[in-house]
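Student: This is the structure I want to talk about, given as structure tokens.
Rule-based calculations on the coordinates, nothing more; no lab input. Here the structure is a predicted model, which means the values were calculated and not measured. A quick note on method: Cβ atoms are made from the backbone with ideal geometry, for glycine too, and the neighbour counts reach across all protein chains shown.
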Amino acid sequence: MSKAFSAIGEERDVERDEFTPGIEPQPTWCPGCGDFGVLKALKGAMAELGKDPEEVLLCTGIGCSGKLNSYFESYGFHTIHGRSLPVARAAKVANHDLEVVAAGGDGDGYGIGGNHFTHSARENHDMTYIVFNNEVFGLTKGQTSPTSPKGHKSKTQPHGNAKDPVRPLSMSLSAGASYIARTAAVNPNQAQEIIVEAIEHDGFSHIDFLTQCPTWNKDAKQYVPYVDVQESDDYDFDVTDRREASEMMYETEDKLYEGTVLTGRYYQDSERNSYQAEKQQRGDMPDEPLAERYFDEDYEWERSYDLIDRHK
Ligand SMILES: Cc1ncc(C[n+]2csc(CCOP(=O)(O)OP(=O)(O)O)c2C)c(N)n1
Ligand code: SF4
Ligand SMILES: [Mg+2]
């Protein structure tokens, strides 16, 4: 339980259990699945931040990871495969008062939804994107995913994966995310701290969340022992320096497949405007949620043609 200020400025106690749905569905995740760690850390982070469930929208993709919003009390939208981000972006643009979190798997976010990931990061939408990275397609029984190691054997690649895995952190940095971190389900305290920071960050926050899949990724690590790059004396880099962050990400991505699990904060740019701030500076987005205009019968809509004429 944490003491926090609610959105209306009242101090109150927020408990993790407020984010447990009233009907308490039992998660259908397998015993030992890393997805439990994300759920626990997310509930803990929301309680620490003093959020009310009705202030939060959780959009998920398809996969074991996509079941997250069945077990998390808030507004929710279980979208289609790879499409949690466009739905999350639309909701945020329509109502920027919402705390928007999108979540999905490595197949969902780095594969079929990769294009949405790239452009959401580039546009720096103010939201938190949690990618459950278990290095397989879990829900559909363990096929090779974009983060499966080279040589990894599965039903779709019985002779071993011929492809190099994607580099999620580097991809995110080059696309334009302004907060980038990696954590692991086996490290719940760090995971909660990182989710809190990601939500507080004003811009697109990407968390690559290592979630072990004991059912379909048996030769994979349980992501232990992990090293926190901020805590370790072996690493020293500036998270606000793009070049240093990029080098550290490269090393982290290589080491994961060599058996060393590096986690922590990798990059933060607090200077860059979020999409919303940029639009507001240009006079394109009102202070009140845009969606309120639809309920205002007297609102006079402008056509974009008229605006173009005005700028001639
Ligand atoms: C358009 C579309 N293609 C394929 C599928 C089948 N499908 C469902 S989940 C999934 C992969 C999920 O893997 P990942 O995103 O890594 O999530 P995980 O289950 O590992 O959490 C696939 C291919 C689908 N539901 N929709
Ligand atoms: S198949 Fe893997 S990812 Fe899915 S619930 Fe089971 S352990 Fe978790
Ligand atoms: Mg997966």
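Student: May I ask you to derive the FRET efficiency for PHE295 and ARG272 from their Cβ-Cβ distance with R0 = 35 Å, giving the value to the nearest 0.05?
Tutor: In this case the efficiency is close to 0.60.
Student: Scan around LEU57 for amide H atoms under 5 Å from its own, H built in the peptide plane at 1.01 Å from N, and keep only partners 5 or more places away or cross-chain.
Tutor: GLU99, VAL100, VAL101
Student: Using only Cα atoms, find the angle between the long axis of helix 188-200 and the longest principal axis of the chain, and express it within 0 to 90 degrees, rounded to the nearest 10.
Tutor: It is inclined by approximately 20 degrees.
Student: Mind jotting down the distance between the C-alpha centroids of the stretch 40-74 and the stretch 260-312, whole Å?
Tutor: First find each Cα centre; the distance between them is then 24 Å.
Student: Going by alpha carbons, how many degrees (0 to 90, nearest 10) lie between the helix axis of 242-258 and the longest principal axis of the chain?
Tutor: Roughly 40 degrees, rounded to the nearest 10.
Student: Okay, moving on. Distance from the Cα centre of the stretch 98-146 to that of the stretch 179-212, in angstrom?
Tutor: Cα centroid of the stretch 98-146 versus Cα centroid of the stretch 179-212: 14 Å apart.
Student: Could you sort the peptides 96-103, 125-132 by per-residue average Cβ neighbour count (10 Å cutoff), highest mean leading?
Tutor: Working: 96-103: 23.5, 125-132: 26.9.
Output ranking for 96-103, 125-132: 125-132, 96-103.
Student: Through the Karplus equation 6.51 cos²θ - 1.76 cosθ + 1.60, θ set to phi - 60°, convert the phi angles of the stretch 55-65 into ³J(HN,Hα) values in whole Hz; use x for Gly and Pro.
Tutor: Each residue's phi maps through the Karplus curve to give 8, 10, 10, 10, 9, 10, x, 10, x, 4, 4 Hz.
Student: Further, regarding this structure: Pairs LYS67/LYS218; LYS43/LYS155; LYS43/LYS255; LYS67/LYS141; LYS67/LYS153: which exceed 24 Å Cα-Cα?
Tutor: As for pairs spanning more than 24 Å Cα to Cα, those are LYS43/LYS155; LYS43/LYS255; LYS67/LYS153.
Student: Take every DSSP beta bridge whose two residues both sit in the chain, then give the antiparallel share in percent to the nearest 5. Display every interim value, and only then the final one.
Tutor: Details: 10 of 40 bridges.
Percent antiparallel among DSSP bridges in the chain is about 25.
Student: Per 20 Å bin from zero, what fraction in whole % of the C-alpha pairs of the chain is there, up to the bin with the longest pair?
Tutor: Pair shares across the bins are 33, 56, 11, 0.
Student: On to the next question. Rank-order 60-68, 295-303 by packing density, defined as the average count of other C-beta atoms within 10 Å over each peptide's residues, highest first.
Tutor: 60-68, 295-303
Student: Would you look at the GNM of the chain, springs on alpha carbons closer than 10 Å, and say which of ILE199, ILE207, ILE112 moves the most?
Tutor: ILE112
Student: Mind pulling the angle between the C-alpha long axis of helix 84-94 and the longest principal axis of the chain? Nearest 10 degrees, somewhere in 0 to 90.
Tutor: In the chain, helix 84-94 runs at an angle near 20 degrees to the longest axis.
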